[in-house]
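Scroll down for the structure; my scribbles are underneath it.
The values are calculated or read from the model by the stated rules, or taken from the named source; none is laboratory data. Computed from a predicted model, the values in this text were never measured in an experiment. Because the Cβ atoms are built from the backbone with ideal geometry, glycine has one as well, and the counts that use them run over all protein chains shown.
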Amino acid sequence: MADANGSADHLSLVLFSGTDDKLTAASILVAGAAALGKRVDILLQYWALEVFKKDCLEKDHGLSPEAGPGGASLLWRAGERGAPHWSETLRQAKDLGEVRLHACAHSLELFGLEQSDLDPLVDDVSGVASFMADAEGQMVFV
Amino acid sequence: MADANGSADHLSLVLFSGTDDKLTAASILVAGAAALGKRVDILLQYWALEVFKKDCLEKDHGLSPEAGPGGASLLWRAGERGAPHWSETLRQAKDLGEVRLHACAHSLELFGLEQSDLDPLVDDVSGVASFMADAEGQMVFV
Amino acid sequence: MADANGSADHLSLVLFSGTDDKLTAASILVAGAAALGKRVDILLQYWALEVFKKDCLEKDHGLSPEAGPGGASLLWRAGERGAPHWSETLRQAKDLGEVRLHACAHSLELFGLEQSDLDPLVDDVSGVASFMADAEGQMVFV
C-alpha cells in the first residue's frame, strides 16, 4: 500500500479535544496505526494539551456532551473491568512503533506552560507549520 | 485524479459523534464521495455506534451544543420541508456506490452489543487495526 | 513531498463547527498550510457557515463545552495581549497563499441565506460533490 514517497505510512493527528471519550478513540487509532508500522505524529492543541500537564493524564476529563450519564457510567465500568486507560494505550503505542507527541507551541504559550510542565509522554514542542510540513499522508483532527 | 494504488478513490470515515447534525454532515460527505465513484468505509465508534442500534436511527439524537435552540428548530423545519433524514441519505449512498459500514469491535463490546442488535445498514464488525490497514486514501474523523 | 498529481499540495477542510476555539485551531492549520505553499479549500457547513454571516465574524461564538470558564478567560486574555482574531489569521492566510472559502450550498439553503448575506471572505457557493471531486490530498473535518 505504501507509495514511493511513503505517504501511506504516515498518520498526522491534530489532537484538539480533551475529553476522555475522544482521547480514548484517538489513542486506539494511534495504536492501530503503530501496529501496522505507520509513523504517527500527534500535535497537542488547546484542551488536549491541557490534559497532558504533569500528573493530569489520569484525572477525569469528562466526556462529549452527547455521552449523557449513561455514557459516563459505561466508560467507568469498562475501566473497572480492566480496559486500559487511554494514556496507557498511547504509552503502549509509543513502545510498539514510531509515535511522537508534539506540544503545539502556540497552545503552550496560550496556557503559559513550558515543556517541563508536561507529562514525559510529550516528546517536544513544535510549531503548526513544521508539523504541517512533515505531514505526508493522512491527517486527522480529533 | 486517481493514482496507481487507488488511494484517491478511497475515503475512510471514523464516525464517533452521534448527534443528528454531525450525522447529517457525514452522510452528505459519504453520498458525495459515493456519487464520485469513491469507495467509502465507515467505522462506527462510541456514540455513533449507539445510534445504529435497531429501531434507533430515526429517533432524536440531539445536536452539537453550539446549535442552540435556533439550530434545533432549523433542522426540524428542514425535515418538515421534505429534506431526507441522514439515515436515508446514507441508504441512498449505499445503493449508489461502494459504501460499507463497520461496527467497531471495541465499541460494540463496550456497549455490550452484538451485530444482531444493530440496524441492517451495518455490514459487519471490524477491528480498528483492520480498518486502518485498509485505509488507503483520505481519512476523516467526525 | 509532492507527488505527480499534486495531492500532497492540497488541503481540503470541511469546517462544520462554529465555536471560537475550533475556528482558531482551524485558521492556524490553514495559515500553516498556506505558508507551505499548499492550496487550501474550505467548505463552510452548518454552524461554521452561520458564523460567516455578514458582520458576524468577530462576535462571541462560544467555545467547546470542555473549555469551561477557565478556558474562556484564557482565550479572552490572549486577545487582550494582542493575539490576532481567527478571522484575521484566515484573512492573512488568504493574502499569503491560495486559500478559498466555499459556502456549502446545502447549508446555505438550510439557513435561508444567499452568498450576498455572507462576509466577503467567502469566495463562492459550492456543492459537497464538487468540493469532494476537487479534494486531491488531505481532508480534515473540524
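Please go through the stretch C:77-99 and pick out each residue that is of a type in the set (D, E, K, R) and surrounded by 15 or more Cβ atoms within 10 Å (Cβ to Cβ). Even if it seems obvious, please write down each step before you answer.
Initial filter on the stretch C:77-99 (of a type in the set (D, E, K, R)): C:77, C:80-81, C:88, C:91, C:94-95, C:98.
The answer is C:ARG91, C:LYS94, C:GLU98.
Screening the stretch A:102-142 for residues that are within 11 Å of chain C (Cβ to nearest Cβ) and acidic (Asp, Glu) and picking the one that is surrounded by the most Cβ atoms within 10 Å (Cβ to Cβ) gives A:GLU136.
If you check B:LEU74 against the conditions, is it part of a helix (DSSP H, G or I), modelled with pLDDT of 90 or more, in contact with a Leu (Cβ under 9 Å, 6 or more places away or on another chain) and surrounded by 16 or more Cβ atoms within 10 Å (Cβ to Cβ)? Spelling it out, it is not the case that B:LEU74 is part of a helix (DSSP H, G or I), modelled with pLDDT of 90 or more, in contact with a Leu (Cβ under 9 Å, 6 or more places away or on another chain) and surrounded by 16 or more Cβ atoms within 10 Å (Cβ to Cβ).
Within the stretch A:114-142, the set of residues being closer than 18 Å to C:LEU36 by Cα, in contact with a strand residue (DSSP E or B) (Cβ under 7 Å, 6 or more places away or on another chain) and not small (Gly, Ala, Ser) comprises A:VAL128, A:PHE131, A:ASP134, A:GLU136, A:GLN138, A:MET139.
For the stretch A:104-119, which residues satisfy the criterion of being under 17 Å from C:GLU80 (Cβ atoms) and not in a helix (DSSP H, G or I)? Scanning the stretch A:104-119 gives A:PHE111, A:GLY112. Any residue in the stretch B:50-71 that is in a helix (DSSP H, G or I), surrounded by 16 or more Cβ atoms within 10 Å (Cβ to Cβ) and β-branched (Val, Ile, Thr)? For the stretch B:50-71, residues in a helix (DSSP H, G or I), surrounded by 16 or more Cβ atoms within 10 Å (Cβ to Cβ) and β-branched (Val, Ile, Thr): present. Residues considered: B:SER17, B:SER27. Of these, the only one that is more than 16 Å from A:PRO65 (Cα to Cα) and either in contact with a Cys (Cβ under 8 Å, 6 or more places away or on another chain) or polar (S, T, N, Q) (or both) is B:SER27.
Restricting the stretch B:70-101 to residues that are among the polar types (S, T, N, Q) and in contact (Cβ under 8 Å) with a residue 40 or more places away in the chain, the residue that is nearest to the other protein chains (Cβ to nearest Cβ) is B:THR89. Can you confirm whether A:GLY32 is surrounded by fewer than 16 Cβ atoms within 10 Å (Cβ to Cβ) and either assigned to a loop (DSSP other than H, G, I, E, B) or within 11 Å of chain B (Cβ to nearest Cβ) (or both)? It is false that A:GLY32 is surrounded by fewer than 16 Cβ atoms within 10 Å (Cβ to Cβ) and either assigned to a loop (DSSP other than H, G, I, E, B) or within 11 Å of chain B (Cβ to nearest Cβ) (or both).
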